[in-house]
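Asker: My questions will all concern the structure given below.
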Amino acid sequence: MDLFLQQVISGFATGGIYACMALSVVMIYQAIHHLNFAQGEMAMFSTYIAWQLLAWGLPYWAVFPIVIAISFVGGFAVERIVFKPIENAPVLSHIVIFIALFAIFNSFAGFIWDFTIKAVPSPFGEGPLYPGAPIGTHQAGMVAVTMVVLVMLWAFFRFTRMGLAMRAAAANPDSARLVGVKVSMMTALGWGMASAIGAVAGILIAPVVFLEPNMMLSILLYGFAGAVLGGLTSPAGAVLGGFLVGIIENLAGTYIPVIGGELKLPIALFLIVAVLLIKPAGLMGRRTVQRV
Amino acid sequence: MATSEENMTGAPTMARSPSKPAAKPGDALGTITLAVLVIGAVILPFVSKNFFIFQMTQVMVYAIAILGLNLLTGINGQFSLGHGAFYAVGAYTAAILMEMQGVPYGWTIPIAGILCFVAGFLFGLPALRLEGVYLALATFALAVATPQLLKLSPFEHWTGGVQGIVIIKPDAPFGLDSVINPDQWLYFFTLVIGLFLYWLARNLVNSRTGRALMAIRDNPIAARSMGVNTAVYKATAFGISAMFTGVAGCLGAIVIQFVAPDSFTFALSVALLVGLVIGGVGWLPGALLGALFIVFIPNVAEDISKGLAGAFYGFFLIAVIYLAPKGAGGLIQAGAARVRKML
């Protein structure tokens, strides 16, 4: 029982990583109704920028907002430059562009900062939360930041005019346009916000997994799994889903001998397929109803 | 969210391009092109170096895999970012049968085909409930998890774990080995199988089944109300598509003489999808052009800059989507239409 509890808590701690990533997946899904397969690479690139600024000697709490701002502008710019000209193209073209972005960000990160593993410091310290705790201060800090981001997002969508406009643009673009919402601008804003949240996720994840250009592919998959489990339409669901994925992954690694410590990606595959089959809307998502 | 009426793959819909053009000269044009291509393909291995023959064999292998993906995505309108998994199943089937059971390599191909058909059909069953972006997601997960699935310890006895399996290159049979070397033999072997599969795919698309598949792509609800059993057709399409890709994987393993989990990463699935889009979604001959792209363009990108090869590859892709949104197929069809008008 002790082992079980231990594993649940440390799964909760890794779940914080996935929750953060799932949140940015949901954000982009709200804006464009697609899954951005380059999301992880964009977050990785933001993290490299953070690493570079830290290496130049800027204090951590100055770097954090600067990187978020750069990422917001970057995501906004990617939408405006790359996606605006082909907004009416078929879905498959978009998927190919995601793949192209994936290759571009990955290659540039490797080119500029090379492929050696880099350590990113944690702002919350490295030790356990209290002596003998199964969860470190960094993990606890990560969970706290994820929660703050979630609350801020909720407040943004619930209480601001801009948030309302973004919801309108996502729910019904035609009607939103008629009442004066700039729908395509809202899409770009969604990209910016998703990219900013991805940057937060990347910076928080880097002290745990170490920074290198390929660090995000598996984390993105877990992020997708978390987002699907919680419901692609619900930010709170995504966070819950992320934590659950962390816990499930950890328990499966402990109790199912075949899976062992390292080979946990098939669990994400299994989770995604299972959720999509049994409850496609996820735990907290809205069911989409199609009019024929 | 894309509604069901929307054509999500960008494949030419039936309304816009009738499947059988009435113009006779156009058909002649296609036949002539095919004849020239086949003659060129037969001459090629006698006038080029072994490494180039090997590369062209790989092009044909990928072309078969892309042909399979095209049947699924272009003709039936289902996405797959995970066809590398079926390619891997085909490759491992060949390797295990040849090296551990001593099965002659020719027999591994139908076995791999059948096995992949079953695997594809089974994956296609849950995929029935997934549309558009969800199917992309599920197959993305399949692609990312494939190397780790192959490394799982219970299968290690057969798959050789991380080390993989080495295959011995077959010689040309019937005493032909004094005339042509193994590279040339594998080239012709692949060419014949490729042409056979292309003929199959072509007939499938022009059949009653093919029309049902396209009807499901263009409007699933209308297809269902016309009495098309969408569930059976979609799962079968997945199976057939996986069969083609599995045969390609089987050939690929024999040609490269080696299989290991890390040859079947997400990058392979991505390459197949990229080849599909470059060649032209829904246009079967495009598979060959797409395969040429994914074999040679990464080298070109590497020549431009070693460190930034990935970035240049990405820029190429974006340029293609902007300049030729329907792939090479779209450009060639537009060109052919113009020639037809002149004739």
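Asker: Specify which of the listed residues (A:Ala31, A:Ala69, A:Ala22) is in a helix (DSSP H, G or I), surrounded by fewer than 24 Cβ atoms within 10 Å (Cβ to Cβ) and within 14 Å of another protein chain (Cβ to nearest Cβ).
Answerer: It is A:Ala31.
Asker: While we're here: Given B:Gln101, B:Gln78, which one is over 13 Å from B:Phe264 (Cβ atoms), more than 10 Å from every other protein chain (Cβ to nearest Cβ) and modelled with pLDDT of 80 or more?
Answerer: Among B:Gln101, B:Gln78, only B:Gln78 is over 13 Å from B:Phe264 (Cβ atoms), more than 10 Å from every other protein chain (Cβ to nearest Cβ) and modelled with pLDDT of 80 or more.
Asker: When only residues in segment B:262-293 that are more than 12 Å from every other protein chain (Cβ to nearest Cβ) and aliphatic (A, V, I, L, M) count, which is surrounded by the most Cβ atoms within 10 Å (Cβ to Cβ)?
Answerer: B:Ala287
Asker: Right, next: Looking at A:Met152 and the list (1) under 22 Å from A:Leu283 (Cα atoms); (2) aliphatic (A, V, I, L, M); (3) touching a helix residue (DSSP H, G or I) at 6+ places or on another chain (Cβ under 7 Å), which single condition is not satisfied?
Answerer: Single failed check for A:Met152: (3).
Asker: Also: So which residues in segment B:94-110 are more than 18 Å from the chain's Cα centre (by Cα), surrounded by 15 or more Cβ atoms within 10 Å (Cβ to Cβ) and closer than 21 Å to B:Leu191 by Cβ, if there are any at all?
Answerer: Those that are more than 18 Å from the chain's Cα centre (by Cα), surrounded by 15 or more Cβ atoms within 10 Å (Cβ to Cβ) and closer than 21 Å to B:Leu191 by Cβ: B:Met98, B:Tyr105, B:Thr108.
Asker: Condition first: at pLDDT 80 or above, of a type in the set (S, T, N, Q), within 20 Å of the chain's Cα centre (by Cα) and surrounded by fewer than 24 Cβ atoms within 10 Å (Cβ to Cβ). Can you find one or more residues in segment A:190-209 that meet it?
Answerer: The answer is no; no qualifying residue exists.
Asker: Would it be correct to say that A:Leu229 is more than 8 Å from every other protein chain (Cβ to nearest Cβ) and at pLDDT 85 or above?
Answerer: The answer is yes for A:Leu229.
Asker: Residues that are free of Cβ contacts under 8 Å to residues at least 12 places away in the same chain, over 19 Å from A:Gly192 (Cβ atoms) and among the small types (Gly, Ala, Ser): which helices (runs of 4 or more DSSP H) entirely in segment A:79-172 hold 2 or more of them?
Answerer: Qualifying helices (runs of 4 or more DSSP H): A:91-113.
Asker: Tell me which residues, restricted to segment A:281-292, are within 7 Å of chain B (Cβ to nearest Cβ) and either more than 24 Å from A:Leu23 (Cβ to Cβ) or modelled with pLDDT of 75 or more (or both).
Answerer: A:Gln290, A:Val292
Asker: For segment A:210-222, how many residues meet the condition of being surrounded by fewer than 21 Cβ atoms within 10 Å (Cβ to Cβ), over 16 Å from A:Tyr18 (Cβ atoms) and of a type outside the set (A, V, I, L, M, F, W, C)?
Answerer: Total meeting the criteria: 2.
Asker: With respect to A:Ser10, is the statement that it is part of a helix (DSSP H, G or I), modelled with pLDDT under 85 and either away from every other protein chain (no Cβ under 14 Å) or buried (at least 23 other Cβ atoms within 10 Å of the Cβ) (or both) true?
Answerer: When the stated conditions are applied, A:Ser10 passes them.
Asker: Still on this structure, I have one more. For residues that are within 21 Å of A:Cys20 (Cβ to Cβ) and modelled with pLDDT under 80, scanning just segment A:234-278, find the one that is surrounded by the most Cβ atoms within 10 Å (Cβ to Cβ).
Answerer: It comes out as A:Leu265.
Asker: Related question: Please work out which residue is nearest to A:Gly223 (Cα to Cα), limiting yourself to segment A:23-53 and to residues that are at pLDDT 90 or above and among the aliphatic types (A, V, I, L, M).
Answerer: Looking at the filtered set, the residue picked out is A:Ala43.
Asker: Of B:Lys326, B:Lys341, which residue is surrounded by fewer than 13 Cβ atoms within 10 Å (Cβ to Cβ) and either among the charged types (D, E, K, R) or free of Cβ contacts under 8 Å to residues at least 12 places away in the same chain (or both)?
Answerer: None of the other options fit; the residue is B:Lys341.
Asker: Which of the residues spanning segment A:89-114 are more than 7 Å from chain B (Cβ to nearest Cβ) and either in contact with a strand residue (DSSP E or B) (Cβ under 7 Å, 6 or more places away or on another chain) or closer than 17 Å to A:Trp191 by Cα (or both)?
Answerer: Hits for segment A:89-114 are A:His94, A:Phe98, A:Phe102, A:Phe105.
Asker: Evaluate segment A:53-67: report whether one residue or more is touching a Leu at 6+ places or on another chain (Cβ under 7 Å) and small (Gly, Ala, Ser).
Answerer: No, because not a single residue in segment A:53-67 is touching a Leu at 6+ places or on another chain (Cβ under 7 Å) and small (Gly, Ala, Ser).
Asker: Go through the residues of segment B:10-24 one by one and say whether even a single one is away from chain A (no Cβ under 14 Å), farther than 24 Å from B:Glu131 by Cα, part of a helix (DSSP H, G or I) and at pLDDT 55 or above.
Answerer: no
Asker: I've got another one for you. If you scan segment B:228-250, which residues turn out to be polar (S, T, N, Q) and over 12 Å from the mean Cα position of the chain (by Cα)?
Answerer: Within segment B:228-250, B:Asn229, B:Thr230, B:Thr236 qualify.
Asker: So, one more: If I ask for residues that are crowded, with 19+ Cβ neighbours inside 10 Å and among the polar types (S, T, N, Q), which ones from segment A:132-177 would you list?
Answerer: Once the filter is applied, which keeps residues that are crowded, with 19+ Cβ neighbours inside 10 Å and among the polar types (S, T, N, Q), segment A:132-177 yields A:Gln139, A:Thr146.
The values are calculated or read from the model by the stated rules, or taken from the named source; none is laboratory data. Predicted model, so just to flag it, every value in this text is computed and none were measured. Here Cβ is always computed from backbone atoms with ideal geometry, including for glycine, and neighbour counts include all displayed protein chains.
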